Every structure is written in structure tokens, then in C-alpha cells.
Amino acid sequence: MKNDQFLSRRSIKLLSLFLLMIVLVLIFLVAVFHTIRSDRRLPPHTSVIHDRALRGAIVSKDGFTLSRSNKSYQATVYAPSIDPGKRDLFIRLFSIYSGMDEKEVRQAFFDRKGHPLKGYVTLSKTIDASTAIYLKSLARKLRRMRVFRSVRNRRGVEVLYGLDITENGELREFPLHDTLTPVMGYIRAKNVGKYSEIFGIKGLEKRYEKYLNMSQNGLIRGKRDVGGTVILSKSSVHIPRKDGYNLHLNIPLALQKRVEVTLDRMKKETQAKEIIAAVMESSTGRLLALASSERYDPLHITKDDISKLNNKFTGYPYEPGSVLKPLTLSIALEHGRVTPQTWFPIHGGRLQISKRYTITDDEVFDQLTATDIIVHSSNVGISQIAWLLSGKEMHDGLQKFGLGRRTGIDLSRELPGRIKSARLLENKLHRANQAYGYGMQVTFAQLLKAYSAFNNDGVMVTPTIVDYLQSSDGRKFHLRNRPQAQRAVSVKTARAIHKILEKVVREGTGVKAQYPGLEIGGKTGTAHIAAHGHYVRRYNSSFYGFADDDKGHRYTIGVLVIEAQGYHKYFAAQSAVPTFRGIVDNLVELGYLQPNLTQQQREAMLEQEHKRREAARAKQAERTRRIKALLRQQREQMKQHSLRKRKRQPVHPAPQKTYRKPSPPPAPSRHPTPHEALPDMF
């Protein structure tokens, strides 16, 4: 009986053990099946390398890069992975390799409230390619130096993090800083996913945004090795990177910089708010210089630069004043109403046309020819010429010169200006007012284009900044949708005005623009500025004209001086004309114009230049002498003050138990520094 019970218990135990083994086997089989069917997150057999394309560059006529893009990188580190005892070492080494301030690197590990960050820390987002190479080398060295320690992640796996350097976008560079601004424009970055892309805001950067960013990202896809490197084979895919088109300008850097220096000098001399100028080939419209005295660094725009961001070449409509008179006369010549020799009564420079309106001149004449009306800039005379035209003839004639319309210049923002309607111009007062450049608005680019007709046999050309586009593989492309040249007046009329403008420089208000051996012509204009519904004592002064030589070089040049504050500098003859002459000097210096001078003229010019330099040296020597005298006087005053201070100081007895510290002597009076005493010297 006992044996049966023992066998029964033994059978139960064996059966239980057998069932347990079956259950364990089933569990194992289910686990194996689940492992086979589930995604095990194994590394893929293939790898992909992305090669981001870059924005195109902007290059001057003489091959200097004005704007370009480079890849940018960011540096990140997992803060808990840095050994606390070696954090200072990490910060110091990263500061050395990156060029960042050590304090800035240390601050990156804390939030705005000063609390330490516990996750990933972005140390910098604007690392260039060369610095990224150094930092990648640093990352390897930091691992060997055991700066990083293993950290357990959420799954409980020990992971060794490090310093990560990854591509995050592109950086735009302007190597020459403020050169050719605001024509160049400026840029902004926008995030597309984790990548930062550049797009233009103003100027050429925006006008040619479509072409600068017409790019194709590169790609390499194929099987990888254990280290993740793509194995190049017949089965791998390689799509080459294509960067955006490069813009090649008509503007040479050498001339542009000289013109900018000239404008800076004249702005200081005239105390103007701004001066803008342009040099254009009269037959092609190619701009050789387009400069402003108000420039900025596109990468470091400050609050003071806000007013400089919009270019004045196409975005500043103003009343032109007397520079419009040659256009009025050319319209009358074109309709056969006058000839250059037609006489007009000037009435002593005063002509009353209504009870409230009288036209006046600065000079007094009884009568003048049509030519001399331009030479002496007579408002009375040009009004009578305009009255020989109908309102429609006047309106249509100005439109033929491109006024009231956009010129088509390749800048991002252009305003059309405004001229009076044909119906309104039927009124004699309005027709006279517009004949000498008031009651209307034009832009600098419009007048530059209009005056090109007088140096190109009546044909206007559109100013163009960009010469051609070049792809990353070296192919050149010329834009086809550019405005065509337009005829404004006949050859006969254009040549007649050409001669009249030469006489303005020989005998009239433009005499300071003369240059021996060159054919110079142009017209001055000094116009009141309207503010709050009436004219105020502020002026725009301008001079538009041409400079030609006998070698076939023909250039249209325009200068606009905005609100000159110097004594009598608001007159165009005292501001715009000398600036024009300075630009002509630049053209001669660089060989764009070749004066036909006799030996006597050359010697006279050399003598004049020698005297000018001697005067400049003498002026500088006088300034230096005055500064040294002021410094000597200041040192002597300080020495005398020191002696007086010693004499006033009392002699104290030996210290007693109740010793009191004497009160300090009064602070010496402050003497002005040389910069404060002679501000005009600096």
C-alpha cells in the first residue's frame, strides 16, 4: 500500500516537471517567433550622404567676390556625459579651438534663469567649415583624454556620448563689408526642418533670388561598411551637387571703391545727408559704378543703419528742378516750335502769370536764346518754351524719356515717380511749373536713363548692373527679358542738346566740371524740398551729364546731393558739380577716359595737382602743429595744477590718540582733450 502511494506521488512529480518543461519550451518558441517577426532595429545595409547645395556668389567685373555662401555647422554635447572633474578642461579647449569666448561657452550650459541644462547643449550654431574641421579633431582628442563618461539611457543601456559637429545650414559672407551697399542688399535665414537656408531681402540678393538659389542638392546612396562609409560601386547612386548661379556684375571694384571714397569726402565737405552717384556706358547701359555715401555692413545691421537699407537710386522720388529743362527744350525742338537760336524775352528775370504766382530767375536778362536759357538756367525762358507746346505734347514727350515709368534697372524695388496728366498740363501754370522740374517726382535712375539719350544720338539705354549669370559648371547665361533701348528724340535734337550741355560746362553753372582734353557736358539742378504741404529751406542738388574722349569712350554720369547743410553748399554748382568732377578724375586715373592733352596742358595739370597736394600737406602740418601746441598747453596746465595742489596741502603734526584723517583735496578741474577742443581736426 505504501509502495503504491509512493509511486503515485512520484508520477505526479514527474508529470508536473514534464508539463513545466513543455511550458518553458512553448515560451521559448513564442519568444523566438516574436523576435523573428518583429523589427529588431538593425542598422540598414545601405547608407545615404547628403551634400547640400549653396547659394550663388556675387562677383565684380574685375573678379572680386562681393558675396558668397559657405556651409555652417553646429556643435552640440550631452551635458551629463561630461566628467564633472574635467568640465573646465572641456570648456577651455572648446574655447581655444572654436575661437569663442570662454565665458560664452560656460554660459551655454545654463538656461536664462541660471539653472544648469540636463540634456543636449548647443554650444554654437554658426561654425564655419574650417573651424568645424578643428572641432572634429578636438572631439577625437577629448575621447582619448576620457573627458566623457558613459551614461545610462532610458533603456538602461550604457552609452558613451561625445562632442557632435553636424551641418545645419549655410552662412552668407560679405568679404568687403559695406562695399556696393545698398545695391547688394542683405539676407535673412529661415529654418527648413533642421537646416537653415538663406534668402535675399533687398537689392541684388532679392532681385536675383530665383537664380542665386536655383540649386540642386547632391546625394550619394549605396551599401555601407561596418563604419557606415558608403561603398562606391556600380549599384550606388551619385547625384552631383549643383550650386546656385553666380552673378557677374558690370561694376569693377577698383572704380566703385574710388567713387565711394569721393562721395564720402564730398559728403563731409558739404555736410549732406546723403550723396548718390552713377557712371554708365552711354551706348550699352552697363553701370560701371553705382555708389552711395550711406552704406552698411549686411551682416552687422544696427539701429542706425535702418534708414540706409532702402536704396535711393530707385526708391527716392524727388522734384528734380532745373535738370529737367533740357528735356523740356528737346521736346519743343522735336516738335519744331523753337530752334537753339530762337530769342525769348526774359522780362528782367520776373514774369507774373497770375495774382498769386510769379516766375523768377536768379540772374537778370532782358532776352535770351533757347540755348542760353539752358546755360543760365532761366525759369522765365523755359516756361515760355513750354507754353509753345500743348499739354498732351508735353506729357507724351516726358513719357518718351521714361518719366512716370519704371526704368527696368535690375534692382529689387523701383518706384515709378509721377508726372502731371495731359489734361492738367493744359493749364499754363502747371505746364510752366513742370517745365523747370517742380510739381512732379522722378527717380535718380530715370534721369540717368533720360540723359543717356543726349550722349547716344537720341536713344535711351536702361541701366544694368548684372552682366551675366554663371552656373557651377562654368556655363554663362545672359538674361533675355531686359528692356530694349528706346528712342526718346531724333539724332538732330539729341546732338543739339549735347552741344548746349557742353556750353553749360564752358560758360554756365557747370564750369567746375571742366576737364582739359575731354568733352564734358551737363546740367545743374537745385530744388526745394516739400514738407507738410509747403516748401522748406532744404534742398536736393543734382548734376546729370556726360564725359567723353576722342577714343570712343562715352559715359553718362549722374550725381544727387540730398540736403547739403554746408554754407552755400546746397547749390548744385558747389556740391554736385565738384562731385561730378571728382568722378571724372577717377575715370581718368583708371584709364576709362583718356584726355587729349597738349604738352602745355599736361604741365599745367601736373602743376595744379602739385599745388593741391602741397596745400593738403600744409593743411595737415598745420593741424598737427595745433594738436601738439594744445597737448603742450594741457601738460603745462596739469603741471601747474599739481604744484598748486602741493602748496595747499597742510603739514600735519605727529599722530595723536585722537588722529583725524584730513579731508581729500578738491578734485582738479577737467581740461578738454584735443578731440573735444578741435573736433574738426579728427
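Which one of the conditions (1) over 32 Å from the mean Cα position of the chain (by Cα); (2) open to solvent by 90 Å² or more (accessible area, probe 1.4 Å); (3) within 19 Å of LEU287 (Cα to Cα) does LYS611 fail to meet, given that it meets all the rest?
That leaves (3) as the condition not met.
Give me a count of the residues in the stretch 564-585 that are in a helix (DSSP H, G or I), in contact with a Phe, Trp or Tyr (Cβ under 6 Å, 6 or more places away or on another chain) and either small (Gly, Ala, Ser) or within 21 Å of GLN256 (Cβ to Cβ) (or both).
The number of residues fulfilling the criteria is 4.
Out of the stretch 177-211, which residues are more than 16 Å from ASN246 (Cα to Cα), under 11 Å from the mean Cα position of the chain (by Cα) and of a type in the set (Asp, Glu)?
ASP178 - this is the single residue of the stretch 177-211 that is more than 16 Å from ASN246 (Cα to Cα), under 11 Å from the mean Cα position of the chain (by Cα) and of a type in the set (Asp, Glu).
For the structure I just gave you, tell me whether GLY63 is of a type in the set (Gly, Ala, Ser), open to solvent by 30 Å² or more (accessible area, probe 1.4 Å), out of contact with any strand residue (DSSP E or B) (no Cβ under 7 Å at 6 or more places or on another chain) and closer than 30 Å to SER471 by Cβ.
yes
Just to be sure before I move on: is ALA291 among the small types (Gly, Ala, Ser), out of contact with any Lys or Arg (no Cβ under 7 Å at 6 or more places or on another chain), in a strand (DSSP E or B) and open to solvent by less than 20 Å² (accessible area, probe 1.4 Å) in the structure I sent?
yes
Restricting the search to the stretch 394-445, which residues are within 20 Å of ILE251 (Cβ to Cβ) and of a type outside the set (Phe, Trp, Tyr)?
THR407, GLY408, ILE409, ASP410, LEU411, SER412, ARG413, GLU414, THR443, ALA445
Within the stretch 479-531, which residues are in a strand (DSSP E or B), open to solvent by 60 Å² or more (accessible area, probe 1.4 Å) and under 25 Å from VAL588 (Cβ atoms)?
Across the stretch 479-531, the qualifying residue is only GLU519.
Please name all residue pairs, on different chains or six or more residues apart, with Cβ atoms under 6 Å, provided the first residue is in the stretch 301-322 and is open to solvent by less than 30 Å² (accessible area, probe 1.4 Å) and the second residue is of a type in the set (Asp, Glu) and not in a helix (DSSP H, G or I).
Every condition considered, the pairs that remain are THR314/GLU414.
I'm told GLU363 meets every condition in (1) more than 41 Å from the chain's Cα centre (by Cα); (2) more than 15 Å from SER322 (Cβ to Cβ); (3) part of a loop (DSSP other than H, G, I, E, B); (4) not polar (S, T, N, Q) except one. Can you identify the failing condition by its number?
(2)
Given the criterion in a helix (DSSP H, G or I), among the hydrophobic types (A, V, I, L, M, F, W, C), open to solvent by 60 Å² or more (accessible area, probe 1.4 Å) and out of contact with any helix residue (DSSP H, G or I) (no Cβ under 9 Å at 6 or more places or on another chain), identify the matching residue among ILE36, ILE49, ILE96.
That would be ILE36, the only listed residue that is in a helix (DSSP H, G or I), among the hydrophobic types (A, V, I, L, M, F, W, C), open to solvent by 60 Å² or more (accessible area, probe 1.4 Å) and out of contact with any helix residue (DSSP H, G or I) (no Cβ under 9 Å at 6 or more places or on another chain).
Quick one: which of THR166, THR181 is assigned to a loop (DSSP other than H, G, I, E, B) and either among the hydroxyl-bearing types (Ser, Thr, Tyr) or in contact with a Gly (Cβ under 9 Å, 6 or more places away or on another chain) (or both)?
So the residue among THR166, THR181 that is assigned to a loop (DSSP other than H, G, I, E, B) and either among the hydroxyl-bearing types (Ser, Thr, Tyr) or in contact with a Gly (Cβ under 9 Å, 6 or more places away or on another chain) (or both) is THR181.
Could you say whether any residue in the stretch 540-551 is under 24 Å from THR270 (Cα atoms) and basic (Lys, Arg)?
Within the stretch 540-551 (the criterion being under 24 Å from THR270 (Cα atoms) and basic (Lys, Arg)), the answer is no, since none of the residues qualifies.
Name every residue in the stretch 427-456 that is open to solvent by 10 Å² or more (accessible area, probe 1.4 Å) and either among the small types (Gly, Ala, Ser) or in a loop (DSSP other than H, G, I, E, B) (or both), in order of residue number.
ASN427, TYR436, TYR438, GLY439, ASN456
Considering only the stretch 457-472, how many residues are part of a strand (DSSP E or B) and either open to solvent by less than 10 Å² (accessible area, probe 1.4 Å) or among the hydrophobic types (A, V, I, L, M, F, W, C) (or both)?
Final tally of qualifying residues: 4.
Within the set of pairs 6+ apart or on separate chains, which have a first residue in the stretch 358-374 that is farther than 10 Å from GLN341 by Cα and touching a residue at least 24 places away in the same chain (Cβ under 8 Å), a second that is of a type in the set (D, E, K, R) and open to solvent by less than 20 Å² (accessible area, probe 1.4 Å), and C-beta atoms under 7 Å apart?
So the pair list comes out as ILE374/LYS325; ILE374/LYS523.
Take GLN341 and tell me if it is farther than 30 Å from GLY185 by Cβ, open to solvent by 70 Å² or more (accessible area, probe 1.4 Å) and either of a type in the set (A, V, I, L, M, F, W, C) or without any contact (Cβ under 8 Å) to a residue 24 or more places away in the chain (or both).
no
Identify the residue in the stretch 137-156 that is out of contact with any Phe, Trp or Tyr (no Cβ under 7 Å at 6 or more places or on another chain) and within 18 Å of SER98 (Cα to Cα) and, among all such residues, is most open to solvent (accessible area, probe 1.4 Å).
ARG140
If I filter the stretch 246-258 for residues that are in contact with a strand residue (DSSP E or B) (Cβ under 9 Å, 6 or more places away or on another chain), farther than 30 Å from ALA450 by Cβ and open to solvent by less than 80 Å² (accessible area, probe 1.4 Å), do I get at least one hit?
Taking every residue of the stretch 246-258 in turn, at least one turns out to be in contact with a strand residue (DSSP E or B) (Cβ under 9 Å, 6 or more places away or on another chain), farther than 30 Å from ALA450 by Cβ and open to solvent by less than 80 Å² (accessible area, probe 1.4 Å).
Looking only at the stretch 186-210, count every residue that is in contact (Cβ under 8 Å) with a residue 24 or more places away in the chain and either outside any loop (DSSP other than H, G, I, E, B) or among the hydroxyl-bearing types (Ser, Thr, Tyr) (or both) and tell me the total.
Selection size over the stretch 186-210: 13.
For SER390, are the conditions met, namely being surrounded by fewer than 23 Cβ atoms within 10 Å (Cβ to Cβ), without any contact (Cβ under 8 Å) to a residue 60 or more places away in the chain, hydroxyl-bearing (Ser, Thr, Tyr) and closer than 29 Å to GLY348 by Cα?
Yes, satisfied.
What are the residue pairs meeting all of these: first residue in the stretch 66-93, first residue free of Cβ contacts under 8 Å to residues at least 12 places away in the same chain and farther than 21 Å from ASN153 by Cα, second residue of a type outside the set (Asp, Glu) and crowded, with 19+ Cβ neighbours inside 10 Å, Cβ atoms under 9 Å, and 6 or more apart or on different chains?
Filtered contacts from the stretch 66-93: ARG92/VAL105.
Residues of the stretch 214-238 being assigned to a strand (DSSP E or B) and either touching a residue at least 24 places away in the same chain (Cβ under 8 Å) or surrounded by 13 or more Cβ atoms within 10 Å (Cβ to Cβ) (or both), which ones?
Hits for the stretch 214-238 are GLN216, GLY218, LEU219, ILE220, ARG221, GLY222, LYS223, ARG224, VAL230, HIS238.
Of the numbered conditions (1) buried (at least 20 other Cβ atoms within 10 Å of the Cβ); (2) out of contact with any Pro (no Cβ under 6 Å at 6 or more places or on another chain); (3) closer than 30 Å to LEU288 by Cα, ARG413 fails exactly one; give the number of that condition.
All conditions are met except number (1).
With respect to ARG87, determine if the residue is in contact with a helix residue (DSSP H, G or I) (Cβ under 7 Å, 6 or more places away or on another chain) and open to solvent by 40 Å² or more (accessible area, probe 1.4 Å).
no
Any idea which residue in the stretch 593-608 is surrounded by the fewest Cβ atoms within 10 Å (Cβ to Cβ), counting only those that are aliphatic (A, V, I, L, M) and either over 39 Å from the mean Cα position of the chain (by Cα) or at pLDDT 80 or above (or both)?
ALA604
The values are calculated or read from the model by the stated rules, or taken from the named source; none is laboratory data. Model, not experiment: these values are computed from the prediction. We place every Cβ from the backbone using ideal geometry, glycine too, and count neighbours over all the protein chains shown. Protein only, heavy atoms only, side chains kept; ligands, DNA and RNA dropped before computing areas. Shrake-Rupley method; radii C 1.70, N 1.55, O 1.52, S 1.80 Å.
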